[in-house]
Amino acid sequence: MGQVNGLSVYYIRDISFGVPSRITASAYIGEKGIIGIKREVGLSGPIHDKGVLILTGFIGRKYGSDFPLTLSCSVVFEQSYGEVEGDSASAAEAIAILSEIGEIPIRQDTAIIGSIDQHGNIQPVGAIKEKVEGFFKVCNVVGLSGKQGVIVTSRNIDNLVLDEQALAEIKKDNFHIYAVDSLDDAIEILSQMDAQSFHRKVKNRLEEFFKSSQKLSR
């Protein structure tokens, strides 16, 4: 719960390669909203900061119509010591946050790439080939289970030109590419429950936060 595999790209001169990045979230009663730990210590760029603020808008719109949200939640790329830039992990950050709030387990054999808008649509990102191949190579070293894969937005599929080894394993159903349009699509793959039930659990927990906050204030 509260952790998901995102994917990052590293650039060294003319070489670029993708690697998995473990993204974790921690939620508790409070008024601070979504806290980007990287931002707090000055290790995130403005586009990444924008992505975290968009998450705040999405969560507020999705869950905050019936009662005020009483939420503090920190999110971070674990064991990442350089600057993070870009919004390509905002869908992964959203899944980690919602999983943590709702106490819902998330599959750890599947990574997700994509940026999210305030309405829950998953948008295309760059360096899609490097990110998918990076996760495939890690899974291949560990051992392909037939269940591992990567979730990408359907609008990135035309940009996904993979090497022969990855394509061969995909054709054998040893590795999977899931093309999605919305965060709900990704939620159903990663949580293995329908999106409506997932959101109900998240909202119920947020309501518990609110009621507990009311009791404490009295």
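The values are calculated or read from the model by the stated rules, or taken from the named source; none is laboratory data. The structure presented is a predicted model; accordingly, all values stated were derived computationally and were not measured. Positions of Cβ are generated from backbone atoms using ideal geometry, with glycine treated the same way; all protein chains shown enter the neighbour counts.
Of the candidates Glu85, Glu78, Glu93, Glu100, the single residue that is closer than 14 Å to Ser21 by Cα, more than 11 Å from the chain's Cα centre (by Cα) and modelled with pLDDT of 90 or more is Glu78.
Counting only helices (runs of 4 or more DSSP H) that fall entirely inside the stretch 121-218 and contain at least 2 residues that are touching a residue at least 40 places away in the same chain (Cβ under 8 Å), more than 16 Å from Ala94 (Cβ to Cβ) and not hydroxyl-bearing (Ser, Thr, Tyr), the qualifying elements are 128-142, 195-217.
When the stretch 86-105 is filtered for residues that are touching a strand residue (DSSP E or B) at 6+ places or on another chain (Cβ under 7 Å) and either surrounded by fewer than 21 Cβ atoms within 10 Å (Cβ to Cβ) or over 17 Å from Ser197 (Cα atoms) (or both), the ones remaining, listed by number, are Asp87, Ser88, Ala89, Ser90, Ala91, Ala92, Glu93. Strands (runs of 3 or more DSSP E) fully within the stretch 1-52 that include at least 1 residues being of a type in the set (A, V, I, L, M, F, W, C) and in contact with a Cys (Cβ under 6 Å, 6 or more places away or on another chain): 15-28, 33-36. With the structure loaded, tell me whether Val180 is at pLDDT below 95, under 16 Å from Arg107 (Cβ atoms) and not polar (S, T, N, Q) or whether it fails that test. So Val180 does not fit the description; no. When Lys62 is tested against (1) outside any loop (DSSP other than H, G, I, E, B); (2) surrounded by fewer than 17 Cβ atoms within 10 Å (Cβ to Cβ); (3) more than 16 Å from the chain's Cα centre (by Cα), exactly one condition is not met: (2).
Among the residues of the stretch 121-135, are any surrounded by fewer than 23 Cβ atoms within 10 Å (Cβ to Cβ) and within 12 Å of Leu183 (Cα to Cα)? Within the stretch 121-135, one or more residues are surrounded by fewer than 23 Cβ atoms within 10 Å (Cβ to Cβ) and within 12 Å of Leu183 (Cα to Cα).
Would you check if Gly143 is among the small types (Gly, Ala, Ser), farther than 20 Å from Phe58 by Cβ, exposed (fewer than 13 other Cβ atoms within 10 Å of the Cβ) and modelled with pLDDT of 95 or more? Here the answer is yes, as Gly143 does meet what is asked.
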